[in-house]
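Enquirer: Below is one structure. I have some questions about it.
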Amino acid sequence: MTLRPITFADLDAVCDHRRRMFDAAGRDAAVLDRMDPAFRIWAASRLRSGEYMGWIVEADGRPAASVGLMFIDWPPHPEHPDCDRRGYVLNLFVEPEHRGQGLARRLMRRVEEEARTRGVDYLILHPTAQARPMYETLNWQATSEMSLRLN
């Protein structure tokens, strides 16, 4: 299996994996139908600009797993007092037939390597219930976060 950076040519795979990640987590199909076109426009723009990056694992030339990463501007914080950015990990997805082979761990190690290379020492993500145990085995810690929808 080959691990390589995501490129603009992977837009379809990125969109497919994101949709299927949320679908597997039990999200409403009608909401995902609304999200898909908006995410495609967003992802295309960020892939072109380099604001969204990531890696894909290919098996026989087909996507087996992928992950996205963004570096976001964030004020120094008690969790990262000397750094003004955070890494935000998103869209980790492994094709069902490739699960249990360590692909998610391989992708997450690559994410950590990239963050270290860029001098970012704090990463965040929002796990699905299915993925939480895997992240915990990689030493990720739960944090307190709240949200408010304004609509």
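Enquirer: Which of the residues spanning the stretch 80-97 are farther than 16 Å from Arg18 by Cβ and either among the small types (Gly, Ala, Ser) or touching a residue at least 60 places away in the same chain (Cβ under 8 Å) (or both)? Break it down stepwise before answering.
Expert: Going through the stretch 80-97, the residues farther than 16 Å from Arg18 by Cβ turn out to be 80-87, 97.
Result: Gly87, single match.
Enquirer: Okay, moving on. Please give the number of the condition Gly26 fails out of (1) closer than 19 Å to Ala129 by Cα; (2) surrounded by 11 or more Cβ atoms within 10 Å (Cβ to Cβ).
Expert: Among (1) closer than 19 Å to Ala129 by Cα; (2) surrounded by 11 or more Cβ atoms within 10 Å (Cβ to Cβ), the lone unmet condition for Gly26 is (2).
Enquirer: Would you point out which residue out of His17, His98 is more than 15 Å from the chain's Cα centre (by Cα) and surrounded by 12 or more Cβ atoms within 10 Å (Cβ to Cβ)?
Expert: Exactly one of His17, His98 is more than 15 Å from the chain's Cα centre (by Cα) and surrounded by 12 or more Cβ atoms within 10 Å (Cβ to Cβ), namely His98.
Enquirer: For the stretch 20-34, enumerate the residues that are outside any helix (DSSP H, G or I) and not small (Gly, Ala, Ser).
Expert: Arg27, Asp28 - these are the residues of the stretch 20-34 that are outside any helix (DSSP H, G or I) and not small (Gly, Ala, Ser).
Enquirer: Can you tell me which of Met70, Met1, Met35, Met53 is out of contact with any Gly (no Cβ under 6 Å at 6 or more places or on another chain), free of Cβ contacts under 8 Å to residues at least 24 places away in the same chain and among the aliphatic types (A, V, I, L, M)?
Expert: Met35
Enquirer: In the stretch 126-151, which residue that is of a type outside the set (A, V, I, L, M) and in a helix (DSSP H, G or I) is farthest from Pro78 (Cα to Cα)?
Expert: That would be Pro133.
Enquirer: Here is a further query. Please enumerate the residues belonging to the stretch 35-69 that are more than 27 Å from Glu97 (Cα to Cα) and either part of a strand (DSSP E or B) or polar (S, T, N, Q) (or both).
Expert: Answer for the stretch 35-69, where residues must be more than 27 Å from Glu97 (Cα to Cα) and either part of a strand (DSSP E or B) or polar (S, T, N, Q) (or both): Ser45, Ser49.
No lab work stands behind these numbers, since they all come straight from the coordinates. Quantities reported herein were computed from a predicted structural model and do not represent experimental measurements. Here Cβ is always computed from backbone atoms with ideal geometry, including for glycine, and neighbour counts include all displayed protein chains.
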